[in-house]
Amino acid sequence: MLDGSYIPIPGPSFFRDSYICRKGFPAMHLQGVCDSSLKFIDVYCAYPGSAHDSRVYRNSPLCQYLEDNPLPEMYHLLGDSAYALSKSLLVPFRDNGHLTAIEKTFNNAHSSTRVDIERCFGLLKGKFRKLKYLDMKNVREMPEVIITCCVLHNFILTQESFDESDIDTEDIDAVETEAQSERDPQELKSVSEKRMEIAHLLV
């Protein structure tokens, strides 16, 4: 499961506008991929809050790695409609008001599975309350602190269980505007067929 989350910060005096996220406050953008146990398997923090999820992903080491080393056909990441459909990343069918029953079933299954990344971010912020507002002056050091919290998050989960009350649900991020695919039409056709095949298996 792939998604982005905002880490609120005081905001620097220089280039301040670039740090203002769509929610209206200065933030750092944290991209994360987690598994079903809510452990991070990849994190990336290098962009200010104004960056769109899809832009951050396209420029992340993870995306570059998957471009060079595609996942086996049966595997893929799940992302919301803020991301573009690709070989390694399946997103929901775009809801234009005319989805078929099969497409709706896929979207429901996709959403109920992908919610784990939101719960993962919620658990991270519930354990490390400092990430609710990272009161630091040095912007360059912020990514190191944020990534360190992610590493400690994983360590804690290997040592102890968690309760649902540990998950901070106050600021679960809403879906960003839908991304437009920049993929080769032939590749997009192949990926769309893969998504539809999976959709039919869910019926």
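The values are calculated or read from the model by the stated rules, or taken from the named source; none is laboratory data. Only a predicted model underlies this, so the values are computations on that prediction, with no experimental measurement involved. Cβ: placed from backbone, ideal geometry, glycine included. Neighbour counts: every protein chain shown. Side chains are part of the model used for accessible areas, which takes the heavy atoms of the whole protein and leaves out ligands, DNA and RNA. Shrake-Rupley method; radii C 1.70, N 1.55, O 1.52, S 1.80 Å.
Just to make sure I understand: if all protein chains stay in place, what is the order of 95, 80 by accessible area at 1.4 Å, largest first? Intermediate results must be reported in sequence, preceding the final value.
On the way: 95 105, 80 10 Å².
Ranking 95, 80 by accessible area, largest first, yields 95, 80.
Report the one residue of 201, 126, 19 whose Cα lies farthest in the direction of the positive end of the charge dipole of the chain (charges on C-beta: Lys and Arg +1, Asp and Glu -1; origin at the Cα centre).
19
Hey, if we sort 129, 114 by accessible area with the 1.4 Å probe, largest down, what's the order?
129, 114
Among 87/194; 23/127; 39/137; 39/87, which pairs are too far apart, with a Cα-Cα distance over 18 Å?
Over 18 Å apart, Cα to Cα: 23/127; 39/137; 39/87.
State log₁₀ I(q)/I(0) for the chain at q = 0.12 Å⁻¹ as given by the Debye formula over alpha-carbon point scatterers of equal weight, solvent excluded.
Result of the Debye calculation: -0.64.
What distance in nm lies between label points placed 7 Å from Cα along the C-beta direction at residue 197 and residue 115?
A separation of 2.9 nm, rounded to one decimal place.
For labels at residue 166 and residue 69 in the simple 7 Å Cα→Cβ model, what's the distance in nm?
So the two model labels end up 3.0 nm from each other.
For the chain, with the dipole built from +1 on Lys and Arg beta-carbon atoms and -1 on Asp and Glu ones, taken about the Cα centre, which of 51, 115, 9 lies farthest toward the positive end?
Of 51, 115, 9, it is 9.
Using the crude model of +1 on Lys and Arg Cβ and -1 on Asp and Glu Cβ, and no other charge, please compute the dipole size for the chain relative to its Cα centre, in debye to 20.
Roughly 420 debye for the chain.
With a 1.4 Å probe and all protein chains kept in place, how much accessible area does residue 83 have, in Å² rounded to the nearest 10?
Ignoring ligands and nucleic acids, residue 83 comes out at about 10 Å².
Whole Å is fine, so just give me how far the alpha carbon centre of the range 139-168 lies from that of the range 62-82.
24 Å
Hey, what did the chain get for relative contact order, percent, Cα under 8 Å, at least 6 apart?
Across the chain, relative contact order equals 26 percent.
Could you state how much accessible area residue 196 has, in square angstrom rounded to the nearest 10, with a 1.4 Å probe and all protein chains kept in place?
Using a 1.4 Å probe on the heavy atoms, I get roughly 60 Å².
Just from its helices, what would the mean residue ellipticity at 222 nm be for the chain, if runs of 4 or more DSSP H residues each count -39500 (n - 2.57) and the sum is divided by every residue, rounded to the nearest 500 deg cm²/dmol?
Using -39500 (n - 2.57) per qualifying helix, the result is -12500 deg cm²/dmol.
Using 0.36 nm times the number of residues separating residue 187 and residue 140, minus their current alpha carbon distance, what extension gain do you get?
Numbers: separation 47, 0.36 × 47 = 16.92 nm, distance 3.78 nm.
Using 0.36 nm per residue and subtracting the Cα-Cα distance, I get 13.1 nm.
For 165, 13, 192, write out the residues from largest to smallest accessible area, computed with a 1.4 angstrom probe and no ligands counted.
Accessible-area ranking of 165, 13, 192, largest first: 13, 165, 192.
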